Every structure is written in C-alpha cells, then in structure tokens.
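Novice: Sharing a structure, written as structure tokens. Questions coming.
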Amino acid sequence: MKTVRLGLVLALFHLLSAPALLAADNTAPSDTSADEAAIRANADKYIEAYNRRDSRTMAGMWSPDAVYMEPDSDERFVGRDAIAKHFDDMLAGSEDAKLAVTIDSIDFVSPNVAIEKGTALVTYANFPPEETTYSAVHVKRDGQWLLDRVSEEEVAAPPPSHYDELKQLEWLVGSWVDGDGRASIQTKVEWTKNRNFLRRSFAVVLGDQIDMSGMQIIGWDPAEKQIRSWVFDSEGGFSEATWTHKGDQWFIQTGGTLTDGRKATSLNILTYVDGDSFKWESVNREVDGELLPNIDEVTVVRAPADDATGAAQ
C-alpha cells in the first residue's frame, strides 16, 4: 500500500520562484501572534481536507508554482493542478486513513518566512499507524501564508519491551535486607534498559564481610509465555527457574548446578506483604536426589534509605 502522510511522506516541496524568498525582508516582526494563528489555522484546514480526501483544497495551500517531488521515483509535479491530481492517485484506496498533527513550534525567520516543526500521525483501520516528524517552511504572499516545502522523517519505532508481562513484579525494585542476627542477605533490584529484565544483585554478609554474592536476571520468555529467571553466584553455581503465581504468592521452581557438579532443585515461595516487605521460604529441596531440610519463612524488608545505596555492592 502506498504510504500517505502529511505532505506525502518524505516529500520535498520547492517554490520555483526562489528569488521571492531572497527578496523578503529579513527583519523579524515584533509581534507574530496573528501570523502564527493563521499558520495554525492552515494546519487545521489541511488536516480536515486530508481526512475528507479533498485534494484540491490541499493543493491550494501551496504556491501556484510549487513543485512536488515524489520521494520514491523523484518524479516532479509542477503547479497546483498537477499536485492535486497526484494526490488523488495517492489517496485512492486509503479511504480509512486519518491524519492528526501535533505542532511543536513555529519560528519566524523573517516577516514573510516561518518554519513549523511537529509530528504527523496517520492511522488506518487495518494497518499499523505511521508517524513522522516534519519541518514545513511557510511563505507569505499577498497577505496569505502558503507552504514552500515540507520534509519528513519516520519516527523510529520504540524498542521492544516485556514490561507489561513483568510489571506485576515492579514492587521488587529497590534495596532489601533480611537477617537472623549472625548473617544478613542484602539485595538490590533494578530494571535493565527498556525494562526487558529485572536485575537482582545479592550478597550474603557475615559480620562486615561478604561471604557470597551473585546475580539474578528475571525476564519474560516469549516462547513459553511465562516468567523465568537465571542465577549465577560467586562460588560458581548457577540455576534457572520458572515463576508462577496465585494471588500474592509467587512459586519459583528452581533447578541448578552446584560448584561441584551436583544437581539441586527447590521450590522457593515469595509472598508479597506490602510495598516495604515480603516473605520468602524454600521447600522441596533436593541435591542429587537427597532431600534437604526446608528453609523456614523469613521476612525481607526494604532497606532504610541510608543503607540502600550500598546494598549488594
């Protein structure tokens, strides 16, 4: 489908009468409010004409001797009649296209020349929307503002993100601490770029010394349609897990390899309490098929602000 955008994507309009621009008074007017209002009114008129497929009105908003250059073929269309006919051909078959424009700025470089910058969005019923940033040069002739040239660039699509699938764990972001008086586990959780993963760094502290540390990455598996995590610790062990939840409880089924090569499995249960605390326990723990004692439920609390900066460093 031929793309249709403001000025017709990446279009460049040129006035053949460039000397008229050079002859313009280069002193900017002291009050441009009326001229800016006129340009904004023209934008509204253009949008309205586009959305009802009125190519004659659209073409009439350029200078009579304007030139439209087709960006794909470099074919030139000179004058309003030729431009209007070309617009008719371009708009054919896109009856559902709707244009919206956001004007970011209008700057006057002289009393008769203004530069408008903004964003154009074309939406369709059955196709993805198309968004561009544009720069339009307006010239004033016989008291009327007309388009001189318009250039556009596609707006880069935002990077993909699995934030929607992971946002239910966003409350984990921050610094946490839990301890039994002899040892404490300090944890820091933060988003990676584009919020595609949660990164959790942790350290087991005995007294004032770090006994063990590690890193956990929590992400969305788009193939399996579930949350997964991976852990790597300073002793050389590693594991991966799948996450499911029911209400305020998360069930983390974990399988890994210890530093000596033995296989370990467990079910870790994380229970949300409030924004500043949660509970954690580990059950069904096995190493090479040998059942180990459960780890009783402990309460993990958000670290005080003074301690948060250094948590899990």
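Novice: Restricting to the stretch 271-298, give me the number of residues that are within 13 Å of D178 (Cβ to Cβ) and either in contact (Cβ under 8 Å) with a residue 60 or more places away in the chain or of a type outside the set (S, T, Y) (or both).
Specialist: 10
Novice: Something else: Report the residue count in the stretch 147-181 for those that are in a strand (DSSP E or B) and more than 19 Å from T119 (Cα to Cα).
Specialist: Qualifying residue count for the region: 6.
Novice: Tell me, which residue of the stretch 141-175 that is over 29 Å from A305 (Cα atoms) and touching a helix residue (DSSP H, G or I) at 6+ places or on another chain (Cβ under 7 Å) is modelled with the lowest pLDDT?
Specialist: P159
Novice: Residue by residue through the stretch 61-82, note down the ones that are closer than 20 Å to A120 by Cα and either modelled with pLDDT of 80 or more or assigned to a helix (DSSP H, G or I) (or both).
Specialist: Passing the criteria: M61, W62.
Novice: Can I ask one more? Only one of these conditions is not met by T187: (1) over 26 Å from the mean Cα position of the chain (by Cα); (2) assigned to a loop (DSSP other than H, G, I, E, B); (3) polar (S, T, N, Q). Which number is it?
Specialist: (2)
Novice: Taking I218, is it in the same structural domain as G255 (by TED's automatic domain parsing), among the aliphatic types (A, V, I, L, M), crowded, with 17+ Cβ neighbours inside 10 Å and in contact with a Leu (Cβ under 6 Å, 6 or more places away or on another chain)?
Specialist: Here the answer is yes, as I218 does meet what is asked.
Novice: Where in the stretch 208-257 are there strands (runs of 3 or more DSSP E), lying fully within it, with 2 or more residues that are under 26 Å from the mean Cα position of the chain (by Cα) and within 18 Å of L270 (Cα to Cα)?
Specialist: Correct list: 209-221, 226-233.
Novice: Residue check: is K117 under 30 Å from the mean Cα position of the chain (by Cα), at pLDDT 90 or above and in a strand (DSSP E or B)?
Specialist: yes
The values are calculated or read from the model by the stated rules, or taken from the named source; none is laboratory data. Every value quoted in this text rests on a predicted model; they were computed, and no experiment measured them. So basically every Cβ, Gly included, is an ideal-geometry build from the backbone, and we count neighbours across all protein chains shown.
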